[in-house]
Structures are given as structure tokens and as C-alpha cells.
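Provided herewith is a single structure, encoded as C-alpha cells, for subsequent inquiry.
What follows draws every value from the coordinates through simple rules; no lab data is involved. This one's a predicted model, so the numbers in the text were calculated from it and none came from an experiment. Positions of Cβ are generated from backbone atoms using ideal geometry, with glycine treated the same way; all protein chains shown enter the neighbour counts.
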Amino acid sequence: MNIQTTLLPKEKLKALYSDPLKLAFGRTFTDYMFTMPFNRKLGWHNPEIKPYQALALDPAANVLHYSQEVFEGQKAYKSPDGRILLFRPEENAKRLNNSMRRICMPEIPVEDVIQAVSELVKLEERWIPTAEGCSLYVRPTVIGTEAALGVKASDEYLFYVILSPVGPYFPEGFNPVGLWVSDSFTRAALGGTGEAKTGGNYAASMLASQQAKDRGYSQVLWLDAKDHRYIEEVGAMNIFFVIENVLVTPPLSGSILSGITRKSVLKLAEDIGIRAEQRQLTIDELVDGIKFQKVTEIFGAGTAAVVSPVGKLSYKGQEYVVGKKAGPWSKKFFDTLTGIQTGKLPDKHGWVHQVK
């Protein structure tokens, strides 16, 4: 793919952060973006890197009315020896295409997605924070742009990539967060779009998320849509439990996002010495496990937070406390993953992609 690059006459004057750890997640954006349009005649064409700018959309654009939109979240890091590293970018590209297939969008070759991200990150190298806990967040997005009303798949699309230097996702940093269990709202149902990374899933979660925050909790722990008994995931991450020294996470059922960090945690479990199980877990089993100290740790896993320990959860008005500090397994997974991502630890699985 031959990417055209339109450079600014001179660098935009942006105040680079004096304290990267205080960067609000997803609020600061870099100088450039990548774009590539699609139509039925030309297919994906005219890939371009150009100055970051507003998008021009017709008021009748498909994405505004019928929500044909998918996105990805990944990160770029700077290693101690100055290399630019991406973590498992082929998995992000594959998942982007899986999401696109689910809502009738034309796929983009995996190698083209990786090239677009790599070229943009390489151009914006100066924006990659090097402070511990910081990274350059990468947001590939595809939207339906055809100006036509009527429920059907768009005939035109735009693939774009933007970048944002970020600190920790949660203000708490690597400290336990609180979860509020929703037993009435539903994030996604079997047969729906739960396993696709599409904006509608997140819109459906916002009311419950706001209620969780109003009660002093960081995120919602979602239960299944049918019975409201089985644990599924957290709004911003997949969920793991250490139960009697076994790592347990819900299986991918079609309503749970297939997290790349989740997949990595399950693989790393073999390396760091804890048995992992993918099985259904009811909320009753969980709260009983906490009460009787069978559940010793809970943590979330996702691109934004990497690993986030959970200290407490609220269910039906009762609060259950797991711990006031991060547990040893949470810390081990966090240190191992971030060590591999930043090039500080050996990459025995070949997960790290160097941008050259």
C-alpha cells in the first residue's frame, strides 16, 4: 500500500506534557492522522497521512443514523533502547475485520491496517511518552459515510487512525478500583453485537455506567442478558478471578469482546505458574467466594488499563471487599505484560512488532 503523506509547513506548536502521568486519557491528540476512503467502484483507495483535522460528513451519513461504526484500541511504546513497539498489532487488525464483518462492512487487508498504524506512529514518534505507565494510544476507526436514508449497509466508508498520548486509564493508577454489578441493564445479548467492537455496545452501557459512578464505583460488572446470573465482562475490560489459586475467566460466548489482553493473560498464565480456566461463573458463586475468602483476587484486563486490580464490588446494595491493594497475581501479570510491551522483558511468544 503506497501511503501519501501531506506534511505541515512546520510543526504545530503544542505544549508537550510536563507530567505524562497526569494526562487525561484520550484528551490530547497528535499532529497527524491517517485516512483511507472506500466506495464500491474503487474499493479501499487513496491512503493518506495528513494533518489532524475535523471530518466532513453529510448530515445523512450512514454512521449518524444506522451506526455502522467499528473501532480498535492499541498502544505504541518506546523501548529503553529507543525502538518503537506495537503489541500484537495483527490481532487488532484481525479483530477490526471481525467487527466489520458483523455489521456488513468491507474488510481491510490485515497488512494494510498494520502498515497504516506503523507509518503514522513512526511519523509521530516524538509523541510517544516514555514515563512508566504511559503510552501512545492508537485508535483505528471505520465509519459508514454514504449519504442515504434507509436501513441498509453503506456503499461508502472511511477508515481513519488517530493517536493520543496517554497516562493511566483509571485515575487510581495501578490501585484497586470498585465495580458495581448491574442486575437489570444489559450490555449485549447472544446473537447481538457483543463480540464486535462497535460504538452501539458502548452507548448501551452508558446509563448503567453513570449510575455506577454516581454510587462511587469506577465501572459496571455486566451479567448475561437472559438470566442476569452469569458474569460476562466489565465495560472497559475483560474480567479475571483468582479462586483457590486458579485463574478463572468467563468463556467467549458471542456476547463478550474477545480481548487481546485477555488472550495474552491466558497464555502468560502458563509461563508464570497459575492454572487458568475459562468457565461460567455466577454472581452468587462470586459473592459467596468473596465472603468465604475463596476469591482472593479480581482484576480486569484490557488495552487501555492493561491490568487493573479490583478491590470491591457492589451487588444488590451489599458491598463485598476483596482487598485494599493489588494482589500478587495482578501485579505479576501487570509487570509481565508491560515489561514485554515496552521491551524490558524477553518476548518469547513473538508478540511485539517493531516499527521500522
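Comparing Met206, Met33, Met100, which has the greatest mean-square fluctuation in the GNM of the chain with Cα pairs linked when under 10 Å apart?
Sorting by GNM fluctuation, first place goes to Met206.
State the Cα centre-to-centre distance between the stretch 74-104 and the stretch 111-169 in whole Å.
That distance is 10 Å.
Moving to a separate point now. How big is the charge dipole of the stretch 125-255 about its Cα centre, in debye rounded to the nearest 20, if each Lys and Arg gets +1 on its Cβ and each Asp and Glu gets -1 on its Cβ?
Working: 9 positive and 14 negative charges, 37 e Å.
In total the dipole reaches around 180 debye.
Could you tell me which residue out of Gln280, Val248, Ala203 lies farthest along the dipole of the stretch 177-341 toward its positive end? Charges go on the beta carbon: Lys and Arg +1, Asp and Glu -1, centred on the Cα centre.
Of the options given, the answer is Ala203.
In the chain, which whole DSSP H runs stretch at least 15 Å along their own axis (Cα) and average -1.0 or higher on the Kyte-Doolittle scale?
Details: long enough: 89-102 (20 Å, -2.13); 110-123 (20 Å, 0.86); 199-214 (23 Å, -0.54); 260-272 (18 Å, 0.14); 328-341 (19 Å, -0.43).
The answer, listed by residue number, is 110-123, 199-214, 260-272, 328-341.
Hey, another quick one. May I ask which of Lys226/Lys267; Lys75/Lys263; Lys332/Lys356; Lys78/Lys267; Lys312/Lys344; Lys78/Lys356 have a Cα-Cα span longer than 20 Å here? Provide the component values of the computation, followed by the final result.
On the way: Lys226/Lys267 30 Å; Lys75/Lys263 16 Å; Lys332/Lys356 30 Å; Lys78/Lys267 24 Å; Lys312/Lys344 31 Å; Lys78/Lys356 12 Å.
As for pairs spanning more than 20 Å Cα to Cα, those are Lys226/Lys267; Lys332/Lys356; Lys78/Lys267; Lys312/Lys344.
Per residue of the chain, what 222 nm ellipticity follows from adding -39500 (n - 2.57) for every DSSP H run with n ≥ 4, rounded to the nearest 500? Please report the intermediate quantities before stating the final value.
Working: 7 runs with 85 residues, N = 356.
Calculated from helices alone, the mean residue ellipticity at 222 nm is -7500 deg cm²/dmol.
I want the local charge near Trp329. Using Cβ-Cβ distances under 12 Å, sum +1 for each Lys or Arg and -1 for each Asp or Glu among the other residues.
That sum, taken over residues with Cβ under 12 Å, equals +1.
Order by neighbour count: His228, His45, fewest other Cβ atoms within 10 Å first, most last. Show your work: numbers first, answer last.
On the way: His228 15, His45 11.
By the 10 Å Cβ count, ascending, the order reads His45, His228.
Right, something else. Excluding same-chain residues fewer than 8 positions from Lys294, which aspartates and glutamates have a Cα within less than 15 Å of its Cα?
Those aspartates and glutamates meeting the cut-off are Glu244, Asp284, Glu285.
Counting other C-beta atoms within 10 Å, which of Thr303, Thr35 has the fewest, and how do the rest follow?
Details: Thr303 21, Thr35 17.
Ranked by crowding around the Cβ, least crowded first: Thr35, Thr303.
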